[in-house]
């Protein structure tokens, strides 16, 4: 029975790839010969659009199973996986969507500006419409403009803390993947990532 995690592909030039080891093995490799003794035959190496048996063609077959034809492909795949995982972490704290992100950023900008003006002049009274995003949140994030600004600024600060912590982990993980000397080592980096929590960041 076909098992993509324990299978072999053979190219016309004699190359034999083991998915279990994610590496090229010799045609007289003991494990390969033992595998064939179970009445199994390797699958012909796939062809690319030009009809060539390339690593890229085999990688296209392996990718759905999280397997890689070599270290370079593993590094590229794992770096992309780190970025995807980081984005999932970010979405725990912010609402996805480009427009929503712009709205939050504008609200944070208004909150910071308003609180700075209020600190400079405690009697500061802005003109109506000066802080439209904050005004839209009155009754939701606070009963006054000052309360809304304080709430929004606090949320923005919390996001900056968790966002920067996620970025630190993401960049460190990608650097470690890049420095890995084997497919197994690159996978170990991915498996060992620990994303920060708000509680940890606030300590």
For the stretch 89-202, the Cα convex hull volume per residue in Å³ comes to 125
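Please report the relative contact order for the stretch 1-119, taking Cα pairs under 8 Å with a sequence separation of at least 6, and give it as a percent rounded to a whole number.
Details: 94 pairs, mean separation 20.7, N = 119.
In percent, rounded to a whole number, it is 17.
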Between residue 159 and residue 136, the two model label points (7 Å from Cα along the beta-carbon direction) sit apart by a distance in nm of 1.3
With angles folded into 0 to 90 degrees, how steeply does helix 71-90 sit against the dominant principal axis of the chain? Use alpha carbons for both and round to 10. 30
In the chain, what % of DSSP beta bridges are antiparallel (nearest 5)? 65
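Kindly state, to the nearest 0.05, the FRET efficiency for residue 80 paired with residue 1, given R0 = 35 Å and r defined as their beta-carbon distance.
Working: r = 31 Å, r/R0 = 0.87.
Computed FRET efficiency for residue 80 and residue 1: 0.70.
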Please give the contour-minus-distance gain from residue 23 to residue 127: 0.36 nm per residue of separation, less the Cα-Cα distance, rounded to one decimal in nm. 30.6 nm
Only Cα pairs under 8 Å and at least 6 apart count here; give the relative contact order of the stretch 118-203 as a rounded whole percent. 21
Contour minus end-to-end for residue 43 and residue 115, with contour as 0.36 nm per residue of separation and end-to-end as the Cα-Cα distance? 19.2 nm
Computed over the chain, the relative contact order (Cα-Cα under 8 Å, seq sep at least six) in percent reads 18
At 7 Å along the Cα-to-beta-carbon direction for both residue 147 and residue 168, put a label point, then send me their distance in nm to one decimal. 3.5
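With N set to the number of residues, divide the alpha-carbon radius of gyration of the chain by 2.2 N^0.38 Å and report two decimals.
Working: Rg = 26.9 Å, N = 203, 2.2 N^0.38 = 16.6 Å.
Compactness ratio reported: 1.62.
Any read-out appearing in this document is the output of simple, stated calculations on the displayed coordinates, not a laboratory observation. Quantities reported herein were computed from a predicted structural model and do not represent experimental measurements. Glycine gets a Cβ as well: all are built from the backbone with ideal geometry, and neighbour counts include every protein chain shown.
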